[in-house]
Amino acid sequence: MSDIALEVDDIKTYIYSNRRCNKAIDGVSFSIRRGKTLCIVGESGCGKSITASSIMQLLPALSRIEGGSITYHSDAGEIRIDKLPRNGARMRAIRGSEIAMIFQDPMTALNPVYTVGFQIAENLKYHTKMTARAIRDRCVALLRHMGIPLPEQRVREYPHSLSGGMRQRAMIAMAMACNPKILIADEPTTALDVTIQAQIFELMNRLKAEHGTAILLITHDMGVVAELADDVAVMYMGKIVEAGTVDDILRRPRHPYTRALLSSIPVLGRGKNQSIRPIRGSTPDPYNRPPGCQFAPRCDFATEACQRMPDETFVAPTHRVLCWNHDRVAASG
């Protein structure tokens, strides 16, 4: 059996609005390995969440996948997710069962008029043939496994009764109810304090180790990448500009955007006088993009060649970059 759980190849997802087209995802390729974590990192608006929505077939109404392929390597064989109807029986059977998602904001993702237990049980009722008693016991066991105190009581409570950390744990319990092969986590610790963040990440690592789950973690925090990732894909304006192992990306970055992301965060132990350099400028209008490399207007290494989109270059067997000047970036230290 291949160690690849999901393969995305040159996927293009476009959003249409007011007779305009936003190429939100424009030729993205990556693979997620079984029992490993792939982190997609980038600024807000770069296309991370649309990538996850494309995999889950949860795209907005005025959007569609225009090219490329999304292949899920299931136990029963390869499944082309991009070819399945969004709300067809096959996609609904996969979604939540074999591929599950933790959404960014649990307060909006959880339904406020149903108890936490009801919402976890709904997933089990649809995807399993368990009895009502077994489902209730499974819900309590999931909440207990997620570290929620008094799970017998919490299972009967509504989302607003839970703290932010508990709601996020309940979301993870819902996602893990059927032991999915792939877990997509869209910034699962947004607005949580650092102690709860650490607990959530420890929980995700435990789930990966115990169940061999492949995890796609979407984040904008390079500290999270350093802590959790096995592989990293850096995204900017709908393209993956650099990808490789976590060691490749953090220790040997070859794209100016990756370098800029790493330079914009403080480093523990360097004290208060360390230099933190924000990325100058802002992301371009997605409906009025610059020609060629999308990062060129903000890049310190930009040349005339950047007026054309660069080819993807493998600088190592596991390390690829989309930049004309990657050698200059490497030489600059």
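The values are calculated or read from the model by the stated rules, or taken from the named source; none is laboratory data. Worth saying up front: this structure is predicted, and the values here are computed from it rather than measured. Please note: Cβ atoms are built from the backbone with ideal geometry, for glycine as well, and neighbour counts cover all protein chains shown. Side chains are part of the model used for accessible areas, which takes the heavy atoms of the whole protein and leaves out ligands, DNA and RNA. Shrake-Rupley method; radii C 1.70, N 1.55, O 1.52, S 1.80 Å.
Points to keep in mind about this one:
- Single unsatisfied condition, T115 versus (1) under 13 Å from I25 (Cβ atoms); (2) modelled with pLDDT of 95 or more: (1)
- Within the stretch 95-106, considering residues that are open to solvent by less than 30 Å² (accessible area, probe 1.4 Å) and in contact with a Leu (Cβ under 9 Å, 6 or more places away or on another chain), the one nearest to I70 (Cα to Cα): I99
- Any hit, the stretch 137-150, residues being closer than 30 Å to S54 by Cβ, out of contact with any Phe, Trp or Tyr (no Cβ under 8 Å at 6 or more places or on another chain), in contact (Cβ under 8 Å) with a residue 40 or more places away in the chain and not aromatic (F, W, Y): yes
Results for (1) in contact with a Leu (Cβ under 7 Å, 6 or more places away or on another chain); (2) of a type in the set (A, V, I, L, M, F, W, C); (3) open to solvent by less than 40 Å² (accessible area, probe 1.4 Å); (4) part of a loop (DSSP other than H, G, I, E, B), shown as yes or no for each residue.
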site	(1), (2), (3), (4)
M235	no, yes, yes, no
P253	yes, no, yes, yes
I265	no, yes, no, yes
P278	no, no, no, yes
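- Output for the stretch 203-230, where each listed residue is crowded, with 22+ Cβ neighbours inside 10 Å and among the small types (G, A, S): A214, A229
- In the stretch 282-333, of all residues being hydroxyl-bearing (S, T, Y) and open to solvent by 50 Å² or more (accessible area, probe 1.4 Å), the one that is modelled with the lowest pLDDT corresponds to S332.
- Top-ranked residue of the stretch 122-145 - restricted to ones that are within 19 Å of P180 (Cβ to Cβ) and outside any helix (DSSP H, G or I), ranked as most open to solvent (accessible area, probe 1.4 Å): K129
- Search result, residues across the stretch 239-261 that are of a type in the set (A, V, I, L, M), farther than 12 Å from V315 by Cβ and under 19 Å from the mean Cα position of the chain (by Cα): I240, V241, V246, L250, L261
- Residues in the stretch 146-167 that are more than 22 Å from Q104 (Cα to Cα) and open to solvent by 30 Å² or more (accessible area, probe 1.4 Å): P149, L150, E152, Q153, R156.
- Any hit, the stretch 168-178, residues being buried (at least 23 other Cβ atoms within 10 Å of the Cβ) and either farther than 25 Å from V155 by Cβ or not aliphatic (A, V, I, L, M) (or both): yes
- Among residues of the stretch 179-202, those that are open to solvent by less than 60 Å² (accessible area, probe 1.4 Å), farther than 23 Å from L250 by Cα and modelled with pLDDT of 80 or more, counted: 3
- Filtered residues of the stretch 8-58 (kept if more than 21 Å from H220 (Cα to Cα), among the aromatic types (F, W, Y) and either in contact with a Ser or Thr (Cβ under 6 Å, 6 or more places away or on another chain) or at pLDDT 95 or above (or both)): Y14
- Counted residues, the stretch 107-121 - those being open to solvent by 10 Å² or more (accessible area, probe 1.4 Å) and either outside any helix (DSSP H, G or I) or in contact (Cβ under 8 Å) with a residue 60 or more places away in the chain (or both): 7
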